[in-house]
Amino acid sequence: MIERIGQIRAEAEAAICAAGTTAGLEELRVRYLGRKAELPNLLRGVAELDPQERGAVGRAANETRQALETLITDRGAQLELGELRERLAGDRVDVTLPATPPAPVGRLHLLTATRREIEDVFCGLGFTVVEGPEVEFVHYNFDALNHDPAHPARARTDTFYVEAPADPHGGEVLLRTHTSPMQIRAMEQQPPPIAIIVPGRVYRRDSDATHTPQFHQIEGLAVGEDVTLADLKGTLLAFAKAIFGDEREIRLRPHFFPFTEPSVEADVSCFMCADADAHAPRCPLCKGTGWLEILGSGMVDPNVLGAVREHGYDPERHQGFAFGLGVERIAMLKHAVPDLRLFYDNDLRFLRQFG
Amino acid sequence: MQLPLSWLHDYIRPEIDVRQLADRLAMTGTEVDRITHHGVPAADGFVVGKVLTAEPHPDADRLRVCSVEVGDGEPRTIVCGAPNVAAGQTVAVACPGAVMPDGTKLGKAKLRGVVSLGMILAEDELGLGAGHRGIMILDDALAAGTPLGDVLPISEEVLELEITPNRPDCLGVYGVAREVHAATGAPLAPAPWSEDPGAIGEGAPAGIEVVVESPELCPRFTGRVFEGVTIGDSPLWLKGRLMAAGQRPINNVVDITNYVMLLTGHPLHAFDLDRIAGGRLVVRAAGDGETMATLDGQERILDAGMCLIADGDGPTSLAGVMGGQRSEVEQDTTRVLLEVATWDGPSIHRTASRLGLRSEASARFEKGLAPEGCMEAQAVATRLMLELTGARLVPGTLDVGSAGVQAPVIRLRDARVSGLLGTEIPRARSAEILTALGFICSEAQDGLDVSVPHWRRGEVTREADLIEEVARIDGVDALPATLPLNRTGLPGRLAHAQRLRRRAEDTLAGLGLLEIVGWSFAAPDLPDRLLAPVGDPLRDLVVLENPMSAEQSVLRSSMAGSLLDAAAFNRDRGQPDLAIFESGAVYRRGGGALPEEHHALGALLTGAVRTATWAEPDPPRADVFAVKGLAEAVLGALRVPFTVRAGERPFLHPGRAGEMLSGEVVLGVFGELHPAAAANWGFEEPVALLLLDLGKAIAAAPEVPAYADLTTFPGMRQDLAVIVSEDVPAAQVAELVRRTGGELVAHAEVFDVYRGEQVGEGRTSLALHLEFRAADRTLTDDDVAPVRERIVAAIRDELGGELRG
Ligand SMILES: [Zn+2]
């Protein structure tokens, strides 16, 4: 018996090593280890043997079966690898053909991207973002903001008026000329202290390379009991650093606006020639002055606070600053956009460059 | 305002160059637009000459050959074409090498065979006047060879100042000098009106009577009378100064009025007294529809809000705005009434803008000048009239109305100055600055008591105004940069709705769409182009009263317009495949005083939805399902539960349009543009639109999504195929499945549609993925089978459908 097992083993081992394909190997497995094969049958017949022979024969048959199983698995793995290699060799493409493009990347408009960037800076400085109507009453746009009744901005040559009956409280209806009306509306809603910015679309009757009849502003307002002009400077400095780079400086220049007193214009140090020669008379951005005007601002005029006195604002007790900046202006400076009208042409070749 | 530097130097001469001066002015609130040059670029080569001989040119009738002494020993030959040149004259000469105002360099010239070594100058050639009648004749006392720049303002630096509307006092040279004084500390000369040569005689001068019928329009009216006036040219220094300041010289009397206005900031008017009918002027409000001819030769129609000056023959001057033709000073004038008045600012502003007549005078008067300024201007003008026109003053000064009011006193508290600015400014420094600006300060317990000078009375009325004065001269520049303490108790952040708006925009950008920013303005035919019938909300247009053009005369009532405009613009530039969106306001006239504005999100797709490639040479075209996909993506990103149903809009293809709803609230529409509307923008191929009311969508979004356990007890997935009539919308089948299945149906969605012979004429087969799930147990077939049976029964009973296969 034991001899026969040895013969089977030798024969099977030789055949398995000689197998050339996984299919041939499978045939061998059936032939030597399948249900009808000799070796498993020998094993099943062990019980009928002499007790003396039983142990040795059983052990030999079991060992042989395990050895053959291992051999078949190993040989199978070898053959599979070879067959996979052959298959892949036939599966070849021209990788120099054009790629399948992924879904294209969309873009936010530069004005949206810039507005969001500015919003995020002021959120970080503790301001909340509020918005208001674009079609507005004269009351909010001019009267409550301390504009003289003869102020030229009220003229029909400068401001768009809407065909609508005048409101007994709000007066005539116009397209807001700045985001400042929300100063009043916000203070009517929220008692001091208040710190808000107001992004939005505004309108003026002007159209040339440096003016479009619609544009975008961001208003800022901070009112409390101890908000100072120095705080305005610090706030604008933080803004300028965030938008134009950490090396920027801010300069305040006295100016006049009806709704602030004192009023200042803010300049940011030129980021194009800052590192070059001290004078750089040819700098195309700042024209050699070293400064770029970016916005108008000032301390809220007591008359403006007086307009919302009944909402808790006392010009003797409360003070604060306000500013208004042009989103287009900031975007043009930062991204070297030469003409305001490009923003509203919406040429895809422009839109793809930003956002 | 154009300020010749030499004129400023009459009153103040700071020890800094012109650029530093400009910087200092800019940093103290007077913007300098630019520094320009008037006259010749440099005075080199311009000298005083003496004409020794002037002989006719042998070959040219109109030319003279002159021998001119210019102080360099040898007289030189100069050919001159002026008719008035003659031997013995003292003249202005440009020698070869001199550079003229237009930049040309003078050389030797040969004129009809005679070599000319220079040029005898006329006043316009140096910017000293406008006349070209002949050469300038100078004072014979001047020696030949004297540099011309020493005796005439031939080369002037001019500051172009931008004066803010609150500072009419700086529309005068002396007002600017006062600013320079405060800004630089340089000494300021006494005001040019500190001595009044006309302060003689009591009461009004003889020969003129003035009645002010409307004192509210004319707070003060002063007049002086001059006799024996000789009208003629002004002297060169005066003409040169006016030219450098941007005013054209006319004649000596008119030039004096302009000069005094530019110096004092207070406009004047000269009447020919003999042309005032009846020797009597009446200041009164105009009648409605009354007419008068102004100096520019135009007939003007007036109204009751305007103020005029009339004589016996009617209106003769539009008060404070423009003179009339009848009473102007002419060549033969000998008696002059010099009027200096103040007018009501708002009335002047209104008159000037109604008539479109903005003048140097109205620009000053509309700011409301102080009555005290009248006599300052009279004093300066009187001196010049006496010096330059040979006139005699008729004693007395006509003076009607208020001579001015008591200066108001304002307390300036030290604590308030530092508290508002955020930096300490010593009381003594505040006093120094205010005093330099003409305020009068006296010590008070907690600060200063400050009297406001008349020229600042209009705009300095409160403590805050005084703080601005101190700050702009000395403070703003050196301010520390601090951050305000956040005392609101709240972090800075976007509101929930603002964050969701960003998410909606980002979703579309993430899907490959480019954002546009369109015009709020639209043409009034927008509703027509969008096929809106009468009564459609698109017709509730907000109309502008004063548009810049008809194309931009209303506000958009739909975002479809601006999206289509941008799409057509790009199509015309070779970009036929478009995926764009816009986020912004849409405006409709509503019931309230202000129109309704809602924030819309719109998207437009047209052409191929993907770029064609070798692997996909013919990608699908944008259609109703492509924009529906955008709607699902946006609302999905916002987590807004919504349903979809067919929804027609006039501008959409009636069979390819749908609307999204949250409950019964319509959130928006999507679909393919109606071909007739598409044609209005020149589109032949389908254009698909999504228009979403973002405000409503955000209102329907959950503020905070709450956790749902979807893993402890997994769901069971099954498919269901049913055959229904082809006019049953797929959404209705899915909705019925969900409703009938109750809470065990977690999900039901159509994934396949089939029409054809196998299902029969007029029938559609819909296949749905169903997912059953319970929160408290793993479902078995025994749980699901009865639910499935209920669903099949409901489809049969309610929709006439049947289970397929
Ligand atoms: Zn620069």
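The values are calculated or read from the model by the stated rules, or taken from the named source; none is laboratory data. Bear in mind the structure is a predicted one, so any value in this text is a computation, not a measurement. Methodologically, a virtual Cβ is constructed for each residue, glycine included, from the backbone with ideal geometry; neighbour enumeration extends over all protein chains shown.
Do we have any residue at all in region B:81-91 that's within 49 Å of the chain's Cα centre (by Cα), within 17 Å of B:Gly149 (Cα to Cα) and either surrounded by 19 or more Cβ atoms within 10 Å (Cβ to Cβ) or in the same structural domain as B:Leu236 (by TED's automatic domain parsing) (or both)?
yes
Please determine whether any residue of region B:631-645 is over 30 Å from A:Gly132 (Cα atoms), free of Cβ contacts under 8 Å to residues at least 24 places away in the same chain and not basic (Lys, Arg). Before the answer, list the steps.
If we filter region B:631-645 for residues that are over 30 Å from A:Gly132 (Cα atoms), which is where we start, we get B:643-645.
Within this subset, residues satisfying the condition of being free of Cβ contacts under 8 Å to residues at least 24 places away in the same chain are none.
Scanning region B:631-645 turns up no residue that is over 30 Å from A:Gly132 (Cα atoms), free of Cβ contacts under 8 Å to residues at least 24 places away in the same chain and not basic (Lys, Arg).
If you scan region B:494-552, which residues turn out to be over 30 Å from A:Gln353 (Cα atoms), facing chain A (nearest Cβ under 9 Å) and crowded, with 20+ Cβ neighbours inside 10 Å?
B:Val542, B:Leu544
How many residues are part of a helix (DSSP H, G or I), of a type outside the set (Val, Ile, Thr) and out of contact with any Ser or Thr (no Cβ under 8 Å at 6 or more places or on another chain) when one looks only at region A:113-151?
The initial filter retains those residues of region A:113-151 that are part of a helix (DSSP H, G or I), namely A:113-124, A:138-141, A:143-145.
Next cut, of a type outside the set (Val, Ile, Thr) only: A:113, A:115-117, A:119-120, A:122-124, A:139-141, A:143-145.
After this cut, where a residue has to be out of contact with any Ser or Thr (no Cβ under 8 Å at 6 or more places or on another chain) as well, the list is A:113, A:115-117, A:119-120, A:122-124, A:139-140, A:143-144.
Residues meeting the conditions: 13.
Looking only at residues that are within 16 Å of the ligand (Cβ to nearest atom) and of a type in the set (Lys, Arg) in region A:240-264, which one is nearest to the other protein chains (Cβ to nearest Cβ)?
It comes out as A:Arg251.
Each row is one residue, and each column tells you yes or no for (1) over 26 Å from the mean Cα position of the chain (by Cα); (2) within 16 Å of the ligand (Cβ to nearest atom); (3) within 14 Å of chain B (Cβ to nearest Cβ).
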site: A:Cys273; (1), (2), (3): yes, yes, no
site: A:Cys283; (1), (2), (3): yes, yes, no
site: A:His318; (1), (2), (3): yes, no, yes
site: A:Phe323; (1), (2), (3): yes, no, yes
site: A:Glu328; (1), (2), (3): no, no, yes
site: A:Asp345; (1), (2), (3): no, no, yes
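Look at A:Ala322 and say whether it is in contact with a Gly (Cβ under 9 Å, 6 or more places away or on another chain) and assigned by TED's automatic domain parsing to the domain that holds A:Thr179. Reasoning before the result, please.
Working: in contact with a Gly (Cβ under 9 Å, 6 or more places away or on another chain): yes; assigned by TED's automatic domain parsing to the domain that holds A:Thr179: yes.
Judged against the criteria, A:Ala322 is a match.
Only one of (1) in a strand (DSSP E or B); (2) over 19 Å from A:Ile196 (Cα atoms) fails for A:Phe321. Which number is that?
Of (1) in a strand (DSSP E or B); (2) over 19 Å from A:Ile196 (Cα atoms), only one is false for A:Phe321: (2).
Tally time: how many residues in region B:761-802 are assigned to a loop (DSSP other than H, G, I, E, B) and of a type in the set (Val, Ile, Thr)?
Looking only at region B:761-802, we keep the residues that are assigned to a loop (DSSP other than H, G, I, E, B), and these are B:761-762, B:773-780, B:800-801.
Checking the rest, the ones that are also of a type in the set (Val, Ile, Thr) come to B:778, B:780.
Count: 2.
Which ones in region A:185-239 are farther than 19 Å from A:Val129 by Cα, in a strand (DSSP E or B) and at the interface with chain B (Cβ under 9 Å from one of its Cβ atoms)?
A:Tyr203, A:Gln214 - these are the residues of region A:185-239 that are farther than 19 Å from A:Val129 by Cα, in a strand (DSSP E or B) and at the interface with chain B (Cβ under 9 Å from one of its Cβ atoms).
Inside region B:698-714, can you point out the residues that are surrounded by 10 or more Cβ atoms within 10 Å (Cβ to Cβ) and within 45 Å of the chain's Cα centre (by Cα)?
Selection gives B:Ile698, B:Ala699, B:Ala700, B:Ala701, B:Pro702.
With (1) within 32 Å of the chain's Cα centre (by Cα); (2) crowded, with 17+ Cβ neighbours inside 10 Å; (3) touching a residue at least 12 places away in the same chain (Cβ under 8 Å) as the list, and B:Gly590 as the residue in question, which single condition is left unmet?
Result: B:Gly590 fails condition (2) only.
Given A:Thr96, A:Thr70, A:Thr64, A:Thr100, which one is crowded, with 20+ Cβ neighbours inside 10 Å and either modelled with pLDDT of 95 or more or over 22 Å from B:Ala600 (Cα atoms) (or both)? Please lay out each step first, then the result.
Details: A:Thr96 fails: crowded, with 20+ Cβ neighbours inside 10 Å; A:Thr70 fails: crowded, with 20+ Cβ neighbours inside 10 Å; A:Thr100 fails: crowded, with 20+ Cβ neighbours inside 10 Å.
After applying the criteria, what remains is A:Thr64.
If you go through region B:585-631, how many residues are of a type outside the set (D, E, K, R), closer than 30 Å to A:Leu174 by Cα and in a loop (DSSP other than H, G, I, E, B)?
So in region B:585-631, the residues of a type outside the set (D, E, K, R) come out as B:585-587, B:590-595, B:598-609, B:611-615, B:617, B:619-620, B:622, B:624-627, B:629-631.
Then keep just the ones that are closer than 30 Å to A:Leu174 by Cα; that gives B:585-587, B:590-595, B:598-603.
If we keep only those that are in a loop (DSSP other than H, G, I, E, B) as well, we get B:590-595.
Qualifying residue count, region B:585-631: 6.
Which of the residues spanning region B:721-741 are surrounded by 19 or more Cβ atoms within 10 Å (Cβ to Cβ) and assigned to a strand (DSSP E or B)?
Within region B:721-741, B:Val722, B:Ile723, B:Val724 qualify.
Out of the residues in region A:158-174 meeting the condition of being in a strand (DSSP E or B) and within 7 Å of another protein chain (Cβ to nearest Cβ), tell me which one is farthest from the chain's Cα centre (by Cα). It would help to see each step written out before you state the result.
Applying the first criterion (in a strand (DSSP E or B)) to region A:158-174 yields A:161-162, A:167, A:171, A:173-174.
Filter once more, so that each one left must be within 7 Å of another protein chain (Cβ to nearest Cβ): A:161-162, A:167, A:173.
Working: A:Tyr161: 38, A:Val162: 38, A:Asp167: 43, A:Val173: 38 Å.
Among those that are in a strand (DSSP E or B) and within 7 Å of another protein chain (Cβ to nearest Cβ), it is A:Asp167.
What number of residues in region B:36-62 are touching a Cys at 6+ places or on another chain (Cβ under 7 Å) and in a strand (DSSP E or B)?
So the answer is 4.
So, B:Ala579, is that one within 13 Å of another protein chain (Cβ to nearest Cβ), at pLDDT 95 or above and touching a Phe, Trp or Tyr at 6+ places or on another chain (Cβ under 6 Å) or not? Steps first, please.
On the way: within 13 Å of another protein chain (Cβ to nearest Cβ): yes; at pLDDT 95 or above: yes; touching a Phe, Trp or Tyr at 6+ places or on another chain (Cβ under 6 Å): no.
For B:Ala579, the condition - within 13 Å of another protein chain (Cβ to nearest Cβ), at pLDDT 95 or above and touching a Phe, Trp or Tyr at 6+ places or on another chain (Cβ under 6 Å) - is not met.
Report, by residue number, each residue of region A:285-304 that is within 24 Å of B:Thr482 (Cα to Cα), assigned to a loop (DSSP other than H, G, I, E, B) and within 16 Å of the ligand (Cβ to nearest atom).
Once the filter is applied, which keeps residues that are within 24 Å of B:Thr482 (Cα to Cα), assigned to a loop (DSSP other than H, G, I, E, B) and within 16 Å of the ligand (Cβ to nearest atom), region A:285-304 yields only A:Gly290.
Take the residues of region A:305-315 that are out of contact with any helix residue (DSSP H, G or I) (no Cβ under 6 Å at 6 or more places or on another chain) and closer than 26 Å to A:Ala266 by Cα: which is nearest to the ligand (Cβ to nearest atom)?
So in region A:305-315, the residues out of contact with any helix residue (DSSP H, G or I) (no Cβ under 6 Å at 6 or more places or on another chain) come out as A:305-306, A:309-310, A:312, A:314.
Now restrict to residues that are closer than 26 Å to A:Ala266 by Cα: A:305-306.
On the way: A:Leu305: 38, A:Gly306: 41 Å.
Result: A:Leu305.
Please work out which residue is farthest from B:Ser347 (Cα to Cα), limiting yourself to region A:112-157 and to residues that are at the interface with chain B (Cβ under 8 Å from one of its Cβ atoms) and small (Gly, Ala, Ser).
A:Gly124
Do we have A:Asp267 as without any contact (Cβ under 8 Å) to a residue 60 or more places away in the chain, more than 30 Å from B:Pro484 (Cβ to Cβ), surrounded by 14 or more Cβ atoms within 10 Å (Cβ to Cβ) and within 12 Å of another protein chain (Cβ to nearest Cβ) here? First the steps, then the outcome.
Details: without any contact (Cβ under 8 Å) to a residue 60 or more places away in the chain: yes; more than 30 Å from B:Pro484 (Cβ to Cβ): no; surrounded by 14 or more Cβ atoms within 10 Å (Cβ to Cβ): yes; within 12 Å of another protein chain (Cβ to nearest Cβ): yes.
No.
Pairs needed: first member in region B:317-330, without any contact (Cβ under 8 Å) to a residue 60 or more places away in the chain; second member anywhere, crowded, with 22+ Cβ neighbours inside 10 Å and among the aromatic types (Phe, Trp, Tyr); C-beta distance under 9 Å; at least 6 residues apart or different chains.
Taking only residues 6 or more apart or on different chains, the pairs are B:Ser317/B:Phe271; B:Gly320/B:Trp343; B:Gly320/B:Phe365; B:Val321/B:Trp343; B:Val321/B:Phe365; B:Gly323/B:Phe271; B:Ser327/B:Phe271; B:Glu328/B:Phe271.
Just to be sure, is B:Leu106 closer than 30 Å to B:Arg457 by Cα and aliphatic (A, V, I, L, M)? Let's see the steps before the verdict.
Working: closer than 30 Å to B:Arg457 by Cα: no; aliphatic (A, V, I, L, M): yes.
Criteria not met by B:Leu106.
Need a quick list: strands (runs of 3 or more DSSP E) entirely within region B:389-481 having at least 1 residues that are touching a Cys at 6+ places or on another chain (Cβ under 9 Å), surrounded by 15 or more Cβ atoms within 10 Å (Cβ to Cβ) and within 14 Å of chain A (Cβ to nearest Cβ). Break it down stepwise before answering.
Working: elements: B:392-401, B:409-413, B:440-444, B:447-451.
Output list reads B:409-413.
Within region A:90-109, does at least one residue satisfy the condition of being touching a residue at least 12 places away in the same chain (Cβ under 8 Å), within 30 Å of B:Leu514 (Cα to Cα), within 14 Å of chain B (Cβ to nearest Cβ) and out of contact with any Leu (no Cβ under 8 Å at 6 or more places or on another chain)?
For region A:90-109, residues touching a residue at least 12 places away in the same chain (Cβ under 8 Å), within 30 Å of B:Leu514 (Cα to Cα), within 14 Å of chain B (Cβ to nearest Cβ) and out of contact with any Leu (no Cβ under 8 Å at 6 or more places or on another chain): present.
Evaluate the following for B:Ile348: is it within 14 Å of chain A (Cβ to nearest Cβ), buried (at least 21 other Cβ atoms within 10 Å of the Cβ) and under 35 Å from the mean Cα position of the chain (by Cα)?
So B:Ile348 fits the description; yes.
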